[in-house]
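Student: Before I ask anything, here is the structure I am working with.
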Amino acid sequence: MTETDNEVALDGDWLVLSLSAQAVAVIRRAAGDLAVAIEDKRANEAWWSFRTPMHLFPEAYESRRDQKAYIQRHELDIRAELTAAAHRVIAALDAGRPMRYPAAQADDLLRVFGSARLLYVDRDAPPSSATPKAAAAYLLSAMQHEIVVTLRPELAGVGPQ
């Protein structure tokens, strides 16, 4: 395996992520940035888009009033769950390579990678721009895809190739 290869395999009840040192660093940084964005009240007050992680998700209701009520009911739980998932991902990375993660908890990886990826996407940049953040977002997206296909092989041909 070369340093740029990243593989995901299923070993019994465990997902085994064989990651390059660079991928480990990117994932650790992304999970940490996500946790900080959710937890850091100063950043949340200073930058409106991080005031709530709810902006990362589609609205649950068309009505603004219903959407606001939904956010008030669920925001604290979503913050707590996503922050805890980010910390679990970091802990699994720190446990050594290859990274082993319970397959039953793969949602942690998918949510953390997906939410962190959205932090790195520059929606104003041209699609062809190759920035370090764009590269990190691409890696996180590719890892999500590999995890899904590993857990559900029948989805291998679904989506862009």
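The values are calculated or read from the model by the stated rules, or taken from the named source; none is laboratory data. In this text, all values refer to a predicted model and were calculated from it rather than measured experimentally. Here the Cβ is made from the backbone with ideal geometry for all residues, glycine too, and neighbour counts use every protein chain on show.
Student: Give the residue, chosen from Ala142, Ala135, Ala130, that is out of contact with any helix residue (DSSP H, G or I) (no Cβ under 7 Å at 6 or more places or on another chain), modelled with pLDDT under 85, within 16 Å of Val26 (Cα to Cα) and surrounded by fewer than 19 Cβ atoms within 10 Å (Cβ to Cβ).
Tutor: The match here is Ala130.
For (1) assigned to a helix (DSSP H, G or I); (2) modelled with pLDDT under 85, each residue gets a yes or a no:
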site	(1), (2)
Val24	yes, no
Arg42	yes, yes
Ala60	no, yes
Asp77	yes, no
Leu82	yes, no
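Student: Now, a different point. Can you report the number of residues in segment 107-124 which are closer than 19 Å to Leu10 by Cα and surrounded by fewer than 19 Cβ atoms within 10 Å (Cβ to Cβ)?
Tutor: Number of matching residues: 2.
Student: Tell me, please, whether a residue that is over 13 Å from Ile27 (Cα atoms) and at pLDDT below 90 can be found in segment 107-114.
Tutor: No: segment 107-114 contains no residue that is over 13 Å from Ile27 (Cα atoms) and at pLDDT below 90.
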